[in-house]
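Report on the structure given below.
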Amino acid sequence: MSQRLTYGTVRETPRTAIYVVRVNEAFIEFEEADTIAARMRDRLALRGEVAADVVVVQGYDKNTLRLYGLPYSVNRVRAAMFNAAIKWMPLALD
């Protein structure tokens, strides 16, 4: 995978979180977003989080921003991004 990825979390409850993977410097199709989310879920399953929700984000501003995931989680992530409440960290899914 040649994309540069970062990730962050949006706290849902004290014990659960929504994981956000951001694709930097590239535009992807739905199938690629689904693959990235599946790879992140696999990585989280290895840590014991088998029911983790993942949202994939691409774009830089309102005109290019695109979020992939379950509607509830997408709304939570969009609100967190609007409030600058997500800390982004580098991610390697290789």
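The values are calculated or read from the model by the stated rules, or taken from the named source; none is laboratory data. These numbers come from a predicted model, not from an experiment. Methodologically, a virtual Cβ is constructed for each residue, glycine included, from the backbone with ideal geometry; neighbour enumeration extends over all protein chains shown. Just so you know, the surface numbers come from the protein's heavy atoms only, side chains and all, with ligands and any DNA or RNA stripped out. Shrake-Rupley method; radii C 1.70, N 1.55, O 1.52, S 1.80 Å.
Residue 6 versus (1) assigned to a strand (DSSP E or B); (2) among the β-branched types (Val, Ile, Thr); (3) surrounded by 17 or more Cβ atoms within 10 Å (Cβ to Cβ): which is the lone unmet condition?
Going through (1) assigned to a strand (DSSP E or B); (2) among the β-branched types (Val, Ile, Thr); (3) surrounded by 17 or more Cβ atoms within 10 Å (Cβ to Cβ) one by one, residue 6 breaks only (3).
Select from region 53-87 the residues that are touching a residue at least 24 places away in the same chain (Cβ under 8 Å), within 11 Å of the chain's Cα centre (by Cα) and under 17 Å from residue 33 (Cβ atoms) and list them in ascending order.
53, 54, 55, 56, 57, 58, 68, 69, 73, 77
Can you work out which of the residues in region 42-52 that are without any contact (Cβ under 8 Å) to a residue 12 or more places away in the chain and within 20 Å of residue 89 (Cβ to Cβ) is surrounded by the most Cβ atoms within 10 Å (Cβ to Cβ)?
Ranking the qualifying residues of region 42-52, first place goes to 49.
Pick from region 63-78 the residues that are outside any helix (DSSP H, G or I) and open to solvent by less than 80 Å² (accessible area, probe 1.4 Å): which of them is modelled with the lowest pLDDT?
The extreme case among them is 64.
If I go through region 11-41 residue by residue, how many of them are open to solvent by 10 Å² or more (accessible area, probe 1.4 Å) and among the aliphatic types (A, V, I, L, M)?
3
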